[in-house]
Amino acid sequence: MRSPSSWWRPTEVTGRMVFIALVAFFAVVAGVNAVMIHLAISTFGGVETESSYRAGLAFANEMATAQAQNALHWDVTAKAVMTGDTTVVEVTARDAAGRAVLNLDASAALAHPTDRRADVAVALAGYGAGQFRGSAPAAAGQWDLVIELSRDGNRLFRSKNRVSLR
């Protein structure tokens, strides 16, 4: 029978062993990096917009539209109430003097904050001077209520507010 000290023999560390260990270590690191880079590039290209120039122009147009909207001094109120499986949206538009704004077309949408596929358009119809109402099926939870008021195809007002439906 062998003694326990004879089972294990210390081996001498040579320069060749150190070289092979270093090459193996860096090969594993480089391989993992290559796999991670490939996965990162193949799953998301990093492009948010096709043309940053067009996105900049759109932003400039939105800023001009927002300034024109502020100059109107309209008071637009909206209410979203959930009744059963349906959400009822009511919008009222008044000018700076408190009079109803006439001859408007209104549209609304319940935009899901994290999933565009869950967005719901709300068809609004006028039921009085400067008043609009519509309903759509929407689930309970956090939503962005997007309201747009326009006249003759020109958007005059847009707002986006977070609402909680219960």
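The values are calculated or read from the model by the stated rules, or taken from the named source; none is laboratory data. Only a predicted model underlies this, so the values are computations on that prediction, with no experimental measurement involved. Backbone-built Cβ (ideal geometry, glycine too); neighbour counts: all protein chains shown.
Numbers at a glance
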read-out: Which listed residue, of Arg158, Arg151, Arg116, Arg133, is assigned by TED's automatic domain parsing to the domain that holds Val89 and in contact with a helix residue (DSSP H, G or I) (Cβ under 8 Å, 6 or more places away or on another chain); value: Arg158
read-out: Test: residue in the stretch 100-117 that is hydroxyl-bearing (Ser, Thr, Tyr), surrounded by 16 or more Cβ atoms within 10 Å (Cβ to Cβ) and in contact with a Pro (Cβ under 9 Å, 6 or more places away or on another chain); value: no
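Results for (1) in contact with a His (Cβ under 7 Å, 6 or more places away or on another chain); (2) farther than 30 Å from Gly98 by Cα; (3) in a helix (DSSP H, G or I); (4) at pLDDT 90 or above, shown as yes or no for each residue.
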residue: Gly45; (1), (2), (3), (4): no, yes, no, no
residue: Ala55; (1), (2), (3), (4): no, yes, yes, no
residue: Met63; (1), (2), (3), (4): no, no, yes, yes
residue: Gln67; (1), (2), (3), (4): no, no, yes, yes
residue: Thr77; (1), (2), (3), (4): no, no, no, yes
residue: Met82; (1), (2), (3), (4): no, no, no, yes
